[in-house]
Amino acid sequence: MKLLFIGPPGAGKGTQAGKVAARLGIPHISTGEMFRDHVARGTSLGEKVSAIMAAGDYVPDEVTVAMLADRIAQPDASGGFILDGFPRTAAQVESLDRLIGEDGLDKVIVFAVDEQELIDRMLSRGRADDSEDTIRNRFEVYNEQTQPLLDIYDARRLIVIVDGSGEIDEVTDRILSLLG
Ligand code: ADP
């Protein structure tokens, strides 16, 4: 099973991807987590991306794609995976198509959450890139660069919309039942 989780900042993609991946026995691959791990370890990639992430901008496609391509080539990803936060740009969609084929995905789960609930959640979790200015920019970048990807996947009839509001376990149950 190869799934994408797409949604605006704070939608709970990461939390849900972790839980659903554990249930399905496939890896949860989050490019945001991978970048945060590089920043925490002080690698040269971490040095390259930390200011970009702190501003709420997207890391350049070639950097992101190279990291992701390495990750999905690992043996644990051969039986499927959940991609959380990738692809985020049209160029990343093309790269993913080259890596797994245009018909490589089973479903694209899109999170729908009220914008005020998203902002409240982010301000309460207090991650380094969750300050008010950065949050505003992350929404702008999402609406400009990532929202348009939904049309691409809609044309492929892959999109399933999940109501991401409410309790964590309720949302997980909704996703699992949508996956059948
Ligand atoms: P959220 O979805 O809550 O914004 P993520 O953990 O998915 O958080 O991503 C955090 C940050 O990591 C993004 O704001 C961006 O700077 C960087 N990032 C993650 N994935 C990508 C990607 N696919 N392309 C470019 N930048 C990315």
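With Asp84, Asp57, Asp61 as the choices, which residue is of a type in the set (Asp, Glu), within 21 Å of Gln145 (Cβ to Cβ) and in contact with a Gly (Cβ under 8 Å, 6 or more places away or on another chain)? Even if it seems obvious, please write down each step before you answer.
Working: Asp57 fails: in contact with a Gly (Cβ under 8 Å, 6 or more places away or on another chain); Asp61 fails: in contact with a Gly (Cβ under 8 Å, 6 or more places away or on another chain).
Just one listed residue meets the conditions, Asp84.
Checking Glu102 against (1) over 18 Å from Gly14 (Cβ atoms); (2) part of a helix (DSSP H, G or I); (3) not aromatic (Phe, Trp, Tyr), only one condition comes out false. Which one?
That leaves (2) as the condition not met.
From the list Gly46, Gly32, Gly56, pick out the single residue that is surrounded by 14 or more Cβ atoms within 10 Å (Cβ to Cβ), in contact with a Ser or Thr (Cβ under 7 Å, 6 or more places away or on another chain) and among the small types (Gly, Ala, Ser). Full working, then the answer.
On the way: Gly46 fails: in contact with a Ser or Thr (Cβ under 7 Å, 6 or more places away or on another chain); Gly32 fails: in contact with a Ser or Thr (Cβ under 7 Å, 6 or more places away or on another chain).
The unique qualifying residue is Gly56.
I'd like to know if segment 37-50 contains one or more residues that are under 16 Å from Asp84 (Cα atoms) and within 18 Å of the chain's Cα centre (by Cα).
yes
State whether one or more residues within segment 29-50 are closer than 24 Å to Leu105 by Cα and away from the ligand (no atom under 11 Å from the Cβ).
Going residue by residue through segment 29-50, those that are closer than 24 Å to Leu105 by Cα are 29-35.
With away from the ligand (no atom under 11 Å from the Cβ) added as a condition, the list becomes none.
No; the residues of segment 29-50 include none that is closer than 24 Å to Leu105 by Cα and away from the ligand (no atom under 11 Å from the Cβ).
Give the residue that is modelled with the lowest pLDDT, with candidates limited to residues of segment 94-123 that are surrounded by 18 or more Cβ atoms within 10 Å (Cβ to Cβ), among the hydrophobic types (A, V, I, L, M, F, W, C) and within 23 Å of Leu158 (Cβ to Cβ).
In this case the residue turns out to be Val113.
Would you be able to say whether some residue in segment 53-71 is within 8 Å of the ligand (Cβ to nearest atom), among the basic types (Lys, Arg) and at pLDDT 95 or above?
Checked segment 53-71: no residue is within 8 Å of the ligand (Cβ to nearest atom), among the basic types (Lys, Arg) and at pLDDT 95 or above.
Restricting the search to segment 79-93, which residues are at pLDDT 95 or above, surrounded by fewer than 20 Cβ atoms within 10 Å (Cβ to Cβ) and more than 13 Å from the ligand (Cβ to nearest atom)?
To start, the set of residues in segment 79-93 that are at pLDDT 95 or above comprises 80-93.
Among the residues that remain, those that are also surrounded by fewer than 20 Cβ atoms within 10 Å (Cβ to Cβ) are: 80, 90-91, 93.
Listed by number, the list holds a single entry, Gly80.
Take the residues in segment 6-28 that are within 11 Å of the ligand (Cβ to nearest atom) and surrounded by fewer than 18 Cβ atoms within 10 Å (Cβ to Cβ); name whichever of them is nearest to Thr146 (Cα to Cα). So that I can check it myself, show each step before the final result.
Of all residues in segment 6-28, those within 11 Å of the ligand (Cβ to nearest atom) come to 6-15, 17.
Next cut, surrounded by fewer than 18 Cβ atoms within 10 Å (Cβ to Cβ) only: 14-15.
Details: Gly14: 16, Thr15: 20 Å.
Among residues in segment 6-28 that are within 11 Å of the ligand (Cβ to nearest atom) and surrounded by fewer than 18 Cβ atoms within 10 Å (Cβ to Cβ), the one nearest to Thr146 (Cα to Cα) is Gly14.
Arg157 - would you say it is open to solvent by 50 Å² or more (accessible area, probe 1.4 Å) and within 12 Å of the ligand (Cβ to nearest atom)?
On the way: open to solvent by 50 Å² or more (accessible area, probe 1.4 Å): yes; within 12 Å of the ligand (Cβ to nearest atom): no.
Here the answer is no, as Arg157 does not meet what is asked.
The values are calculated or read from the model by the stated rules, or taken from the named source; none is laboratory data. Being a predicted model, the structure only gives us computed values, none of them experimental. Note that we place each Cβ from the backbone using ideal geometry, even for glycine, and neighbour counts take in every protein chain shown. With ligands, DNA and RNA removed, areas are computed over all heavy atoms of the protein, side chains included. Shrake-Rupley method; radii C 1.70, N 1.55, O 1.52, S 1.80 Å.
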